[in-house]
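*Asks:* Sharing a structure here in structure tokens format.
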Amino acid sequence: MKRVWIALGVAALWAMVASPLAHLDHHLLTAHMLQHLVLMLVAAPLILLGAPSVVARWRPHTAFCWLAGSLTVIFWHIPAAFELALRSHYWHDLEQATFFIAGILFWWPVVQPAATATRWSVPLYLFFATLPCDALSAFLAFCGHVVYHPYLHGGGHFRLSPLEDQALAGALMWVTVTFAYLVPALVVTARLISGEPRHAAEVGVL
């Protein structure tokens, strides 16, 4: 099964950085946003599920993993950084690499194989990770002006105006991140709750 996870993760990674779809990110903010989301929320956790040893030996601290994921998203959406990546192939490749690596780090506390006493922190970890993403996506969706100037001349792809494209990108991020983070949080919470009585009985509490 691990090979399947890795294959799916590599396929998602290839689709976002090497397939014909990858070239749309210079024309549509929505396509650029989709690229970021797939790298961080699909490719990274799938490859991590297939090869947890990628970070198992390092065992990064949970706070570091959270900051890596959240600050990477915030930094690359600062207009100056975002537009630099659009103008330069080098910076664009670096942007994609950091999203993928940040995704690996971010998902490590969630998918690590061993359940520990700190597993109750995972739902909170995921919930608080939605907050900066929600703030950013809401800003893009409702700010009323085009934030990233290169998309002012996007060429009207799919009959979207630059502002409509930006609003769609914000909505895509908002919905995708909410489901990608909160669904696993609910699953982990349900498993912890269902396992509590059994654990209590084993230690003689019940």
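*Asks:* By per-residue mean of other Cβ atoms within 10 Å, what is the highest-first order of 15-25, 91-101, 34-44?
*Replies:* Result, highest mean Cβ count within 10 Å first: 34-44, 91-101, 15-25.
*Asks:* Taking a ≥ b ≥ c as the square roots of the eigenvalues of the Cα gyration tensor of segment 1-95, is the shape rounded (a/c under 1.5), prolate (a/b larger than b/c) or oblate?
*Replies:* Taking the square roots of the gyration eigenvalues as a ≥ b ≥ c, segment 1-95 is oblate.
*Asks:* Is the shape of segment 38-81 best called rounded, prolate or oblate, per the rule: a/c under 1.5 gives rounded, else a/b larger than b/c gives prolate, else oblate, with a ≥ b ≥ c the square roots of the Cα gyration tensor eigenvalues?
*Replies:* Oblate, since a/c reaches 1.5 and b/c is not below a/b.
*Asks:* Mind running the shape call on the chain? Use the C-alpha gyration tensor, a ≥ b ≥ c as the square roots of the eigenvalues: rounded below 1.5 for a/c, prolate if a/b tops b/c, oblate otherwise.
*Replies:* prolate
*Asks:* About its Cα centre, what dipole magnitude does the chain give when the only charges are +1 on Lys and Arg Cβ and -1 on Asp and Glu Cβ, stated in debye to the nearest 20?
*Replies:* 620
*Asks:* Where is the GNM fluctuation largest for the chain (alpha-carbon springs, 10 angstrom cutoff): Ala85, Ala12, Ala190?
*Replies:* Ala190
*Asks:* Also: Normalising by the residue count of the chain, find the relative contact order in percent from Cα pairs under 8 Å and 6+ residues apart.
*Replies:* 25
*Asks:* At what distance in angstrom do the alpha carbon centres of segment 4-75 and segment 122-146 lie from each other?
*Replies:* What the calculation gives is 18 Å, centre to centre.
Throughout, read-outs are computed from the coordinates displayed, never taken from laboratory work. This one's a predicted model, so the numbers in the text were calculated from it and none came from an experiment. So basically every Cβ, Gly included, is an ideal-geometry build from the backbone, and we count neighbours across all protein chains shown.
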